[in-house]
Structure formats: structure tokens, C-alpha cells
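Got a structure for you, questions after.
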Amino acid sequence: MTAPSVRHPGEFRWETRLLAVVTLVLTVFGVANCYGTGTYLATWHEEASQQLVGALFGGVIFLGAAYTDYHIWRRLARPLFYVTLASLAIMAAAELLWPNSRAPSIVGSIVPRLNGARRWIRLGGIMIQVSEIARFTLIVFIALKAVSLGNRIRDFRKGFIPLAAPVIVTAALVAAEPNLSMGVLLWFAGAMVIFTGGARIPHLILMSLSGAACAVIMIQLTAFRSDRLDSMSGSAQECVPTEQVCESLIGYGSGGVTGVGFGEGTQKLGHVPYGYSDFILSVIAEEWGLIGVTFTALCFAMFCWMGFRIAKTAGDPFGTLLAGGLTTMVGVAAFLHAAVVTRMIPATGLTLPFMSAGRVSLVMYLFSAGVIVSIGRRRGRPSRR
């Protein structure tokens, strides 16, 4: 019997290199636009320098992850996920126990309430947004469990439930912070890993319907979410000028084909809140025009294409599931951000991967991209035991 042929690693190099180049381009373009968008803020020079430091530190993390054998995350999957889950549970408990009142000083010092939510844990002088870390730890944990279950994943009780439960619990804890948009993102990415692992379609449909029902209930029970949904019921012509999404549309449409010029946009001057993070694509559309938006969309499309190609040709099932889940996380986040900016869905507060301000988010996205590159670099090579 003829032994199966093994493709040489050199045949895959262009995919990992292209993904790395696209990641670099998105990061540099994002840092430039973050700086140009926030120059009107009094403290922005300090914040912009911190974002640049985050990009440089994230670049080092990217290289470290790219040159580290990704199988190490298989061994660390369980402890990383359980620590993340415990941290999310602490924040959710603090929010549920003290939603609008002042929490005890020890709780407030560890889990501060910022901008109406408890999304951060303070460890010494470091603030950590645990939901950003959960984007990786959940995916690697689900990938590990899916591989260990094998064909049993098609069994509802013995396979599907053990996989769906961690996704449901993690998404629910993040949504309770409250951070519903991140919870939805985790739900999508987890479902993608479960689907790739071989779960039955009816089980996934049931998971999707239950998730949608939970999201609707949370929206109806929360006043600010319900108001955002009600604002979407009218037509685009009925936009209230002071509504942040409508201000985003004004900026999006005023850029034309070539834009008004880098740094020359006016919607960022107090009209669009958080133009350097939650609505950065609107600022890009105004200052860079259709050309800038198309360029950004093509970069994300290229990233997802390379990511899924790497997942398809990974050397083992764990690499396939991990690369597919991490790529889905980037693609869905970019789509949801664009959908908010163009008023397809209510405002969610979800940032644009690699581009929006936020050091923890940027570092975690760069780390995830490095892991995908690591999976791609080891295709065609004999696995180490």
C-alpha cells in the first residue's frame, strides 16, 4: 500500500505570511485612525501613546504565539478556562447583588463599576477585561472537549450537552455584566466550533433558538436595550439627529468616495460618542470614504479567508477547531461592528478587531492571530508525540 503523501510546509507559507501581513496592516491602520479620531480630547495624547504601546506589546505577543507550538494550549485549556469562568462569575455576582447601589469597598476595589457595568477586574494596578480573555479560553476549551468526545458529539446527552453547556454559561455570565454583545459573540464562536466538530444540525438549531430567546428576554427586561431596539423600528428617514447611530450614519454618508481627508472629519467632535472605539468605522468612512471602507472590508475578508484555509488544512482536529473558532470570532465581531455603524442592528458597544481603541482587546486579537499563524506554520509537518 502506498503511503499517503505529505505536503511540504513550504506550500503553506504564503497563507500564514499573508495572514500576518493583513494583521499588521489592520493594526497599523487602526492605531493611525485611533490617534486621528481622538485628537480633540484633552487626555488623548496619553491614551494614544498607551494604544501604541499596546500595539507594540501585542506585536511581541503575536510573534511569541506564532512561534510557539499551539498544542501547548491543549494542555492549558482547562485551567485557563476555569480561572476565566470563576472571574466572570465574580463580576456577574457583584453586578446582580449591587446593580445600582454602592457595593462594599472591598468589592468595589476588585470589581469596579465603570460606565454602568462591571466588566473589569483590578489586580493591583492592572485592570483586566476578562470577557476579552474569555474569547480565547472558551474557544480552546471547547475545541479540546470536541476532540476528546469524537463521534459522541452527535449524541445529544453525552456529546452535545457537555459542549453547549460551557458556551451557554460563559455567554450568560458575560451578558450579566452587562455585556450582551460580547455574550452573543461568544455564543456564535462557540457554536461554530461545535458545528465544525460534527454536531447534528437539529441540535445547533435548538441551541440557536434558545440563545435568541434569551437575548430577546434580556433586551425586554433592560430599559436601555429596549430603547435601542425601539429606535430601530422606524425608517432611516426618521432618525433622531441626536441618536448616536444616526450621527454615525451622517458621518458614514458624508465621506463620499474618497473621504474628507485623514483627521478632517467632524462627526468625531462630540457627535459620535466613542468614535475611536465603538464607532471607528464611521470615522473611517467619513475621512477615507468608500475607498477606506472597502479596503478595511477586504482586509477582514482576507483575514477570514486565510484563517479558514488554515483551519481546513490544519495538521490535527484540535488545530482545525481552534483556528476555525478564533477566525469566526474576528469575522463576526467585524460584521457586528459594521452592522451597528450602518444601523442594521442597535448599538452594541462591540469594537472593531485590531482597529478600535482598547489595549486588552488589541493584545488578545493579536494573540489569537498569532495562534492561527502557529497552526498554519505546522501544517505538513509530522506531529510530535
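Bear in mind these aren't lab numbers, they're just calculated from the coordinates by the rules spelled out. Here the structure is a predicted model, which is why all the values come from computation and not from measurement. Because the Cβ atoms are built from the backbone with ideal geometry, glycine has one as well, and the counts that use them run over all protein chains shown.
May I ask you to derive the FRET efficiency for ILE250 and VAL21 from their Cβ-Cβ distance with R0 = 41 Å, giving the value to the nearest 0.05?
Result of the calculation: an efficiency of 0.75.
Let me ask something additional. Just rank LYS158, LYS145, fewest to most, by other beta-carbon atoms within 10 angstrom.
With the fewest neighbours first, LYS158, LYS145 line up as LYS158, LYS145.
OK, next. Order 50-57, 17-24 from most to least packed using the mean count of other Cβ atoms within 10 Å.
Most protected by this proxy first, the peptides run 17-24, 50-57.
Turning to a different aspect of this structure: For region 253-342, with equal point scatterers placed on the C-alpha atoms only and solvent neglected, what are the log10 I(q)/I(0) values from the Debye formula at q = 0.23, 0.26 1/Å, to two decimals?
Here log10 of I(q) over I(0) equals -1.03, -1.20.
Still on this structure: Based on Cα coordinates alone, diagonalise the gyration tensor for region 74-221, multiply each eigenvalue by 5, take square roots, and list the semi-axes in whole Å, largest first.
30, 18, 10
While we're on this one: Would you list ARG118, ARG74, ARG152 from fewest to most Cβ contacts within 10 Å?
Ascending number of Cβ neighbours within 10 Å: ARG152, ARG74, ARG118.
When ARG157, ARG359, ARG119, ARG13 are ordered from fewest to most other Cβ atoms inside 10 Å of their Cβ, what list results?
Fewest to most other Cβ atoms nearby, the residues stand as ARG157, ARG13, ARG359, ARG119.
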